[in-house]
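Below is one structure, written out as structure tokens, with a few remarks after it.
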Amino acid sequence: MKAGAKKHVPLDDPSPPPIDDVSMGGRRITRKSHWRYIRGMKIRVPSRRIKDRGAKGKWSAKHGPGIGKLKPGGLMGYSPSMSKTARRTKLRKVVKSKGALSTFRKLNALSTYTKRTAKSKSKTAKADRNWVKKNFTKK
């Protein structure tokens, strides 16, 4: 086997291959194993070392849940991947039912939570947050 070549691991092998931090490009954390449902089938996802996407030195176990959890349906079907007109139509409905400040805060949380994993969606949510502030809050 050549130097640097990866060993083939069958999909049903329960033990993950050894991974070292330096060759994989930085800090790694271990994600716990969990169950996932795909097309109605229950599949076990084994524990694996994944890239640590958090800001270095910004977290420890003693902290709380950050800025809080986003409840599903809080933005009534809004998604940053929708077209601009569709997003703004949804946001008008959300502002009408929940209020401008609540909508602003939910978009801010969405932007904050996705800024390291989905940068373009985070920027879209931030732009929509600023649009809600400009169009629906008192000056």
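Summary table
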quantity: Considering residues of the stretch 85-102 that are charged (D, E, K, R) and under 21 Å from the mean Cα position of the chain (by Cα) only, the residue nearest to residue 125 (Cα to Cα); calculated: 87
quantity: Residue satisfying all of: in the stretch 118-139; among the aliphatic types (A, V, I, L, M) and either touching an Asp or Glu at 6+ places or on another chain (Cβ under 9 Å) or not in a loop (DSSP other than H, G, I, E, B) (or both); surrounded by the most Cβ atoms within 10 Å (Cβ to Cβ) among these; calculated: 125
quantity: Flag if residue 120 is hydroxyl-bearing (Ser, Thr, Tyr), touching a helix residue (DSSP H, G or I) at 6+ places or on another chain (Cβ under 8 Å) and closer than 28 Å to residue 52 by Cβ; calculated: no
quantity: Pairs with Cβ under 9 Å, 6+ apart, first in the stretch 38-55 and closer than 24 Å to residue 116 by Cβ, second assigned to a strand (DSSP E or B) and of a type in the set (Ser, Thr, Tyr); calculated: 47/30; 48/30; 49/30; 50/30
quantity: Residue satisfying condition, being surrounded by 10 or more Cβ atoms within 10 Å (Cβ to Cβ) and either more than 19 Å from residue 124 (Cβ to Cβ) or at pLDDT 85 or above (or both), within set 105, 36; calculated: 105
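The values are calculated or read from the model by the stated rules, or taken from the named source; none is laboratory data. Quantities reported herein were computed from a predicted structural model and do not represent experimental measurements. No Cβ is skipped: glycine too gets one built from the backbone with ideal geometry, and neighbour counts run over all protein chains shown.
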